[in-house]
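The values are calculated or read from the model by the stated rules, or taken from the named source; none is laboratory data. Bear in mind the structure is a predicted one, so any value in this text is a computation, not a measurement. In this analysis, Cβ positions are derived from the backbone assuming ideal geometry, glycine residues included, and neighbour counts consider all displayed protein chains.
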Amino acid sequence: MVKLLLSYYSRNQAQLEHADTGTAHIIWLGDFNWHHLLWDDPDDDCLFTPNVISTTEELIEAIADAGLELALPSRTPTHQHNVMKS
């Protein structure tokens, strides 16, 4: 999915960044429920498998290549587990 987003952005960058008034805003939406030390609790080390880190690094690189930035500050909770309440 990340490669598709980056490909689309590259092909359409001029149109996406053009705004008739004000500043253009670009947001990528998707199921990016991926774990990384940049936004998860570092103590939850069971989340950071090599495969997960590799996939997430691809997303981070794509975000940087597109000149985008993460909308939420690091370690911002986005979900509370129903049982563990963490």
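The number of residues in region 59-86 being closer than 17 Å to Asp31 by Cβ and small (Gly, Ala, Ser) comes to 2. Assess whether Leu16 counts as being in contact (Cβ under 8 Å) with a residue 60 or more places away in the chain and either outside any loop (DSSP other than H, G, I, E, B) or surrounded by 11 or more Cβ atoms within 10 Å (Cβ to Cβ) (or both). Against the criterion (in contact (Cβ under 8 Å) with a residue 60 or more places away in the chain and either outside any loop (DSSP other than H, G, I, E, B) or surrounded by 11 or more Cβ atoms within 10 Å (Cβ to Cβ) (or both)), Leu16 does not qualify. Here region 58-74 is the region considered, the condition is being closer than 24 Å to Leu4 by Cα and free of Cβ contacts under 8 Å to residues at least 12 places away in the same chain, and the residue that is surrounded by the most Cβ atoms within 10 Å (Cβ to Cβ) is Glu61.
Taking the conditions exactly as written (of a type outside the set (A, V, I, L, M) and surrounded by 10 or more Cβ atoms within 10 Å (Cβ to Cβ)), does His81 satisfy them or not? Here the answer is no, as His81 does not meet what is asked. Taking the criterion of being among the small types (Gly, Ala, Ser), touching a Phe, Trp or Tyr at 6+ places or on another chain (Cβ under 7 Å) and at pLDDT 75 or above, the only residue of region 31-86 that qualifies is Ala66.
Among residues that are at pLDDT 75 or above, among the hydrophobic types (A, V, I, L, M, F, W, C) and not in a helix (DSSP H, G or I), Leu4 is not included. Of the residues Leu38, Leu29, only one is of a type in the set (A, V, I, L, M), out of contact with any Gly (no Cβ under 8 Å at 6 or more places or on another chain), exposed (fewer than 10 other Cβ atoms within 10 Å of the Cβ) and assigned to a loop (DSSP other than H, G, I, E, B); which? Sole residue among the options that is of a type in the set (A, V, I, L, M), out of contact with any Gly (no Cβ under 8 Å at 6 or more places or on another chain), exposed (fewer than 10 other Cβ atoms within 10 Å of the Cβ) and assigned to a loop (DSSP other than H, G, I, E, B): Leu29. Scanning region 41-86 for residues that are more than 16 Å from the chain's Cα centre (by Cα), outside any loop (DSSP other than H, G, I, E, B) and of a type in the set (A, V, I, L, M) yields a count of 1. Restricting region 1-40 to residues that are among the β-branched types (Val, Ile, Thr) and farther than 25 Å from His79 by Cβ, the residue that is nearest to the chain's Cα centre (by Cα) is Thr23.
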